Amino acid sequence: MTATTQQQTGVTMTNVEAVRTTLHAALVRDDRVLVMGEDVGARGNVFLITKGFLEEFGPQRIIDTPLAEASIVGIAIGMAMEGLRPIAEIQFADFIYPAFNQIVGEAAKVRYRSNGDYTCPLVIRTPYGGGVRGALSHSVSIEALFYHVPGLTILAPSTPADIKGLLNAAIECPDPVLFLEHKKTYRSVKGEVPGGYYTIPIGKADVKKAGTQLSVVSYGYNLHQALDAANRLEGDGISVEVIDLRSIRPMDKGTILESVRKTRKLLIVHEDNKFGGIGAEISAMVAEEAFFELDAPIRRLAGPDVPAMGYALPLEEEFMTSTEEMVDAMRELARF
Amino acid sequence: MAKTTAARGRDLDRGGLSDEQLVAMLRNMLLQRQLDNRGFQLNRQGKIPFALGSEGHEAVQAGAAMAFERGRDVLAPYYRDLGLALGVGMSPFEILSSLFARQTDRSMGRQFPNHYTNHDLGVMSISSIIAGHCTHAVGVAAAFKYRGESGRAVLCTTGEGATSQGEWHESVNYAAVHGLPIVFLVQNNEWAISTPQDMQMKVANVADKAPGYGLPGVVCDGFSPIATYRVMHEALERAHAGGGPTIVEAKCYRFLSHSTDDDDRTYRSRDAIEERRKLDPVPRFEQALIEAGVIDEALAKRLKQDVLRETNEATDAAEAQPYPTAESLYTNVVAGDYKPWQD
Ligand SMILES: Cc1ncc(C[n+]2csc(CCOP(=O)(O)OP(=O)(O)O)c2C)c(N)n1
């Protein structure tokens with residue numbers, strides 16, 4: 001277990017290993033850090049992220065909570081108000097609704113309502129997203145439900161290196177952070193992770209592929225599909241810039257505008273449904289700030305307006321945007 | 001100095017409290033009554049938009065505050081805890097600053113009246129969301145236990161209506177499972193706005209729920225500060241010593257409407273209230289202390305004059321303070337400069 005923590009030089013790992021090793025290092029580094037949630041102890045979390053933590057750090061720091069999400073978050077808020085650095089886990093994002101009150105009504109407002117007399121340095125981690133045959137209640141995206149809320153920070157990194165840097169930043173953050181991990185990327189995405197401790201600034205997007213003819217903004221599993229699509233189009237002489245949002249609240253206006261001003265075209269791709277989604281806010285911002293610099297209407301590819309993806313494969317596939325759909329949309333926009 | 005037995009006059013079972021402590025409790029109760037009335041007066045005068053009273057809760061809160069260890073314990077209050085706030089060290093000026101929503105209020109006029117915060121005194125910031133704070137109280141108790149800070153405990157208060165909330169249940173359950181240093185004080189005033197207790201729960205006492213969590217549940221006479229002190233002291237001492245949580249239910253009554261926005265004539269009879277007024281804990285405790293020879297009539301009068309003067313001074317001082325500036329709306333959203341869009 002400990003070997004991973006001491007990693008000082010770059011190694012290649014999956015997203016799930018990045019979450020695991022970063023949490024582990026945080027527990028080693030700072031005894032104010034606690035991990036709490038359902039089945040994070042002996043079972044080591046349902047994705048084995050915390051496997052072995054209980055033996056190494058003990059039940060005072062790796063807490064198998066009762067099955068009650070409102071209090072998982074609420075008790076973590078109290079710990080944070082009292083100076084600890086709890087990392088609360090919601091087993092699947094689909095089960096965060098019972099904690100909605102605690103996140104929106106309480107955590108996001110502790111600093112504000114007390115005018116800084118109390119603060120809430122809390123991290124809530126949760127796996128989200130579909131494409132894993134998770135059906136209605138193991139597949140949802142929740143970011144749009146929360147990104148309306150001032151006082152919250154929402155992060156959704158998609159690569160192992162970004163997960164490490166942003167999870168460290170989340171733990172350092174003096175305010176509540178909702179940390180979203182796309183579960184289809186847990187084992188399917190691998191990448192080089194720098195050694196040693198580092199953070200990535202919250203609110204900074206990352207240009208994952210430079211290009212000149214159109215800009216694509218995405219995050220999560222879609223980001224990796226968008227990169228595939230963009231690489232395919234490279235062969236056809238279409239140059240696509242792919243921006244990984246990474247941070248959903250706050251959002252990086254600077255990077256998006258700089259890219260759009262260069263390519264003059266924007267495609268936004270996210271898995272969460274389109275109506276009222278993250279893409280709506282990005283579109284509005286770009287329309288407000290760079291309307292006259294656009295050569296084509298902004299396009300959005302997003303989940304359909306249905307309550308959730310179904311269990312049957314065709315229902316799931318219909319819900320998820322395919323890489324082919326992205327290729328087509330990029331091609332059309334480039335041609336516009 | 002502490003007199004542990006009734007030395008003079010009629011017997012008073014003083015719960016181990018000294019004369020000085022008994023007088024402090026009476027003073028707290030008189031001040032509560034005065035400040036409470038002041039809030040309603042100011043509202044009628046059109047000077048403040050809202051007030052919410054704790055009349056009928058004076059004894060519970062004076063007793064519980066006396067059991068609270070200042071500088072060690074933490075209070076996770078609810079919005080009807082004027083007496084507890086005063087009893088753990090908040091000043092009438094702070095209370096009035098909150099009522100007037102002035103700059104001198106710790107939340108800088110953000111919070112509704114009675115939603116105090118005072119980190120230095122261990123008074124936690126709360127929202128108006130019923131029972132939401134109970135989970136935070138448990139988090140603080142968990143932090144005490146985690147850091148091995150024995151001798152510290154959390155006092156978490158609610159009304160009886162709040163015990164219907166899932167978050168109250170989750171809080172009590174978690175605290176029980178982990179044996180945390182916390183006391184859940186339920187101030188049962190029989191009403192949740194217009195909803196009576198028997199529409200809220202099937203059991204006769206909130207404390208009857210305690211065995212379901214594997215916890216001790218104690219009922220006390222919330223019209224007696226000494227009875228409440230005794231039970232709260234024991235419960236907090238148990239928590240301090242690592243003995244785990246207790247549910248304490250103090251039976252009291254809400255003499256006033258729920259708030260200045262409520263009219264209780266629409267759901268309860270005047271007679272019922274008058275019947276309970278006969279047992280009003282404030283004059284009753286004053287009388288008991290006089291009869292026991294702890295105070296005399298002259299001291300009782302002086303205490304009342306004192307709290308009136310204090311209330312008047314605090315009213316004038318708070319009213320004279322400026323409102324928070326409009327620009328302050330934008331501060332303390334998160335640490336540092338807040339912008340949802342980063343340049
Ligand atoms: C979650 C939530 N629901 C409803 C309300 C509105 N409300 C405020 S006080 C109250 C009654 C609370 O009764 P109780 O817990 O018995 O305390 P009391 O006010 O009688 O002291 C209600 C329904 C609220 N503040 N929060």
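The values are calculated or read from the model by the stated rules, or taken from the named source; none is laboratory data. Source: prediction; values computed, not measured. Neighbour counts are summed over all protein chains in view; Cβ atoms, including those assigned to glycine, are modelled from backbone coordinates with ideal geometry. For the accessible areas, the whole protein counts, side chains as well, though only heavy atoms, and no ligand, DNA or RNA atoms are used. Shrake-Rupley method; radii C 1.70, N 1.55, O 1.52, S 1.80 Å.
Relative to the compact-globule estimate of 2.2 N^0.38 Å, the Cα radius of gyration of the range B:186-343 comes out at 1.48. Spin-label model, B:R284/A:Y197: points 7 Å from Cα along the beta carbon direction are separated by 5.9 nm. In this Cβ point-charge picture (+1 for Lys and Arg, -1 for Asp and Glu), the range A:206-335 has a dipole of about 420 debye about its Cα centre.
Starting from the coordinates of the alpha-carbon atoms of the range A:206-335, obtain the Kirkwood hydrodynamic radius over all distinct pairs and give the value in Å to one decimal.
Numbers: mean 1/r = 0.0682 Å⁻¹.
Hydrodynamic radius (Kirkwood, Cα pairs) of the range A:206-335 is 14.7 Å.
With a 1.4 angstrom probe, the accessible area lost at the B-A interface totals about 4000 Å².
How high is the FRET efficiency between A:Y97 and B:E274 when r is their beta carbon distance and R₀ equals 56 Å, given to the nearest 0.05?
Details: r = 46 Å, r/R0 = 0.83.
E between A:Y97 and B:E274, to the nearest 0.05, is 0.75.
Counting only helical runs of four or more DSSP H residues, what would the 222 nm mean residue ellipticity of the protein assembly as shown come to if each run contributes -39,500 (n - 2.57) and the total is spread over all its residues?
Numbers: 23 runs with 257 residues, N = 679.
Taking each H run of at least 4 residues, the total per residue is -11500 deg cm²/dmol.
Amide H contacts of A:V193: A:V11, A:T12, A:M13, each under 5 Å away and 5 or more positions distant or on a separate chain (H built 1.01 Å from N in the peptide plane; Pro and chain starts excluded).
If a/c stays under 1.5 just call it rounded; otherwise compare a/b with b/c (prolate if a/b is bigger, oblate if not). Do that for the range B:48-108, with a ≥ b ≥ c from the square roots of the Cα gyration tensor eigenvalues. Oblate, since a/c reaches 1.5 and b/c is not below a/b. Computed 3J(HN,Hα) for the range A:66-71, one whole-Hz value per residue from the Karplus formula 6.51 cos²θ - 1.76 cosθ + 1.60 where θ = phi - 60°, is x, 7, 7, 5, 4, 7, glycine and proline marked x.
Taking the Cα atoms only, what angle lies between the long axis of helix A:323-335 and the longest principal axis of chain A, rounded to 10 degrees? On a 0 to 90 degree scale, this one is about 40. For chain A, the longest principal axis of the C-alpha atoms and the axis of helix A:253-263 are separated by about 20°. Rounding to the nearest 10 and keeping the result within 0 to 90°, find how far the Cα-based axis of helix A:221-234 lies from the longest principal axis of chain A. For helix A:221-234, the angle is close to 30 degrees. Couplings 3J(HN,Hα) of the range B:180-196, computed from phi: 7, x, 8, 10, 9, 9, 9, 8, 8, 9, 6, 10, 10, 6, 9, 9, x Hz, in residue order, whole Hz [Karplus 6.51 cos²θ - 1.76 cosθ + 1.60, θ = phi - 60°; x for Gly and Pro]. Normalised by the number of residues in the range A:11-193, the average gap of Cα pairs under 8 Å and 6 or more apart makes the relative contact order 27 percent.
If I take R0 = 25 Å and measure r between the Cβ atoms of B:D343 and B:I129 in this structure, what FRET efficiency does the formula 1/(1 + (r/R0)^6) give, to the nearest 0.05? Intermediate results must be reported in sequence, preceding the final value.
Values: r = 35 Å, r/R0 = 1.39.
Calculated transfer efficiency: 0.10.
Ligands, DNA and RNA left out, the accessible area of the range A:11-193 computed with a 1.4 Å probe is 57% carbon and sulfur.
Counting only heavy atoms of the protein chains and using a 1.4 Å probe, A:Y221 has close to 50 Å² of accessible surface.
When a/c reaches 1.5 or more, the comparison of a/b and b/c decides; with that in mind, is the range A:11-193 rounded, prolate or oblate per its Cα gyration tensor?
On the way: a/c = 1.43, a/b = 1.22, b/c = 1.18.
It comes out rounded by the Cα gyration axes.
Compute the semi-axes of the equivalent ellipsoid of chain B, taking the square root of 5 times each eigenvalue of the Cα gyration tensor, and list them largest first in whole Å.
Details: eigenvalues 172, 143, 89 Å².
Equivalent-ellipsoid dimensions as semi-axes: 29, 27, 21 Å.
Across the protein chains, with a 1.4 Å probe defining accessible surface, the residues B:R110, B:R147 rank B:R147, B:R110 from largest area downward.
Note down the net charge around B:R102, summing +1 for each Lys or Arg and -1 for each Asp or Glu among other residues with Cβ under 14 Å from its Cβ.
Working: positive: B:K47, B:R106, B:R110; negative: B:E94, B:D105, B:D316, B:E319.
Residues near B:R102 contribute -1 overall.
A crude spin-label estimate for the pair B:T325 and B:A298, with each label 7 Å from Cα along the Cβ direction, gives 5.3 nm.
Under the √(5λ) rule applied to the eigenvalues of the Cα gyration tensor, what semi-axes describe the equivalent ellipsoid of chain A? Give them in Å, descending.
Details: eigenvalues 221, 89, 77 Å².
After diagonalising the Cα gyration tensor, the semi-axes are 33, 21, 20 Å.
Considering only DSSP beta bridges with both partners in the protein assembly as shown, what is the antiparallel share in %, to the nearest 5? Don't skip to the answer; put the middle values down first.
Working: 12 of 68 bridges.
Taking every DSSP beta bridge within the protein assembly as shown, about 20 percent pair in antiparallel fashion.
5 Å is the cut-off here: which amide hydrogens, built 1.01 Å from N in the peptide plane, fall below it relative to A:I248, excluding neighbours closer than 5 in sequence? Counting only residues 5 or more places away or on other chains, the set is A:I154, A:L155, A:A156.
Among B:S269, A:S114, the order of accessible area from largest down is B:S269, A:S114, computed with a 1.4 Å probe on protein heavy atoms.
Note on exposure: B:M66, B:M29 ranked by accessible area (1.4 Å probe, complete protein assembly) read B:M66, B:M29, with the most exposed listed first.
Applying the Karplus relation 6.51 cos²θ - 1.76 cosθ + 1.60 with θ = phi - 60° to the range A:101-117 yields 3J(HN,Hα) values of 4, 5, 6, 7, x, 10, 3, 5, 10, 4, 5, 5, 6, 9, 6, x, 5 Hz, where x marks Gly and Pro.
In Å, the Kirkwood hydrodynamic radius of the range A:286-330 over pairs of distinct alpha carbons?
Working: mean 1/r = 0.0778 Å⁻¹.
Mean inverse Cα-Cα distance, inverted, gives 12.9 Å.
Modelled label positions at A:E332 and A:L48, each set 7 Å beyond Cα in the direction of Cβ, lie 4.2 nm from each other. When you work out D = kT/(6 pi eta Rh) for the protein assembly as shown at 37 °C and 0.692 mPa s, using the Kirkwood radius from C-alpha pairs as Rh and the Stokes-Einstein form, the result is 120 µm²/s. A cut-off under 12 angstrom between Cβ atoms defines the neighbours of B:T246, and their net charge, with Lys, Arg +1 and Asp, Glu -1, is -2.
Compute the relative contact order of chain B as a whole-number percentage, counting only Cα pairs closer than 8 Å that sit 6 or more residues apart in sequence.
With pairs under 8 Å counted, the relative contact order is 23 percent.
Exposure check, 1.4 Å probe, all protein chains in place: B:K47 carries approximately 90 Å² of accessible surface. Amide H contacts of A:I268: A:V217, A:R299, A:R300, A:L301, each under 5 Å away and 5 or more positions distant or on a separate chain (H built 1.01 Å from N in the peptide plane; Pro and chain starts excluded). Among residues other than A:E316 with Cβ under 12 Å from its Cβ, the summed charge is -1 (Lys and Arg +1, Asp and Glu -1).
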